[in-house]
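Data block below; observations after.
The values are calculated or read from the model by the stated rules, or taken from the named source; none is laboratory data. Quick caveat, the model's predicted, so the values are computed rather than measured. With ideal geometry, Cβ positions are generated from the backbone for all residues, glycine too; neighbour counts draw on all protein chains shown. Keep in mind that these areas ignore ligands, DNA and RNA; they rest on the heavy atoms of the full protein, side chains included. Shrake-Rupley method; radii C 1.70, N 1.55, O 1.52, S 1.80 Å.
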Amino acid sequence: MQTSTMKLVTIVAEAVLEDELLKEVASSGSKGYTLDRVHGEGSRGVRASDWEGKNIKIETLVTQEVADKLLTVLAEKYFPHYAVVAYVKSVEVVRGDKYR
Amino acid sequence: MQTSTMKLVTIVAEAVLEDELLKEVASSGSKGYTLDRVHGEGSRGVRASDWEGKNIKIETLVTQEVADKLLTVLAEKYFPHYAVVAYVKSVEVVRGDKYR
Amino acid sequence: MQTSTMKLVTIVAEAVLEDELLKEVASSGSKGYTLDRVHGEGSRGVRASDWEGKNIKIETLVTQEVADKLLTVLAEKYFPHYAVVAYVKSVEVVRGDKYR
């Protein structure tokens, strides 16, 4: 099975940012995403007993170049103001040409 | 903590394929899976504003051999006809013998 | 985009363990988590047709040290008694200092 290496970018954020973040994902050059609702407790010292709100988890399979672009936008526009978490991992994708 | 390296296969597909894909996962030799419902926008040019349906995300921890078998079946039987995304990553698993 | 390498620990377990596992996650030194409900079929020979219950998937971004601590607790206290799956992967995180 021939695969190609792509980057899977995961973004966890407050649900209120859904529309805005999906626009950033598309603008960065991503060809698709999945979106899931999750519960979460952030790293700002809020305890789960005090607040356990609805967060969103967005995942998108992209090239290294698109990943860099997306993370840069997140770091500049969102990280200073919102409880956004973003991380990247390498994955082996079947039919990787779909995501370029 | 001793761990062993296994492959985590992720499949994202239309919800209508749930039963069929879970059979493929089991047939390939997988010992278990998790299934989650997610929203998604694929790479076929459909815009989220036009269509944002219910997709499924299946994850299964398997050996390299089982991963290859599963991806081959997906590529041959599903990729030509359905909006299926599949990718693999290496993970470190505790009690890895459970999945062999 | 400068990133740092962190460990993403994923725990899949029966939903009844939610409170207990989140306490273990916090005790190990984790600064946050996401929690999602998933369907799952374990590796204990239970067939999906017989039982397909609600499981939880917890993910937490931590240092290698915290990951080791958490996995050790899981292996000692939970693995002998419950259908718990745990695995770790390396991810590249933006603003990694938040999770240390």
Ignoring ligands, DNA and RNA, how much accessible area is buried between chains A and B, both sides summed, with a 1.4 Å probe, to the nearest 100 Å²? 1800 Å²
Can you list, shortest first and in nm, the gaps between the label point of C:ALA26 and those of its counterparts in the other copies, using a point 7 Å from Cα in the C-beta direction? 3.9, 3.9
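Of C:LYS7/C:LYS31; A:LYS31/B:LYS23; A:LYS7/B:LYS57; A:LYS57/B:LYS54; A:LYS7/B:LYS31, which ones are farther than 23 Å apart at the Cα? Don't skip to the answer; put the middle values down first.
On the way: C:LYS7/C:LYS31 13 Å; A:LYS31/B:LYS23 29 Å; A:LYS7/B:LYS57 18 Å; A:LYS57/B:LYS54 15 Å; A:LYS7/B:LYS31 27 Å.
Result: A:LYS31/B:LYS23; A:LYS7/B:LYS31 exceed 23 Å.
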How far apart, in nanometres, would the label points at B:ALA15 and C:LYS23 be if each is projected 7 angstrom from Cα along the Cα-to-Cβ direction? 3.6 nm
Toy charge model, Lys and Arg Cβ at +1, Asp and Glu Cβ at -1: chain A dipole around Cα centroid in debye, rounded to 20, equals 260 debye
Debye equation applied to the C-alpha atoms of chain B, log10 I(q)/I(0) at 0.19 Å⁻¹: -0.89
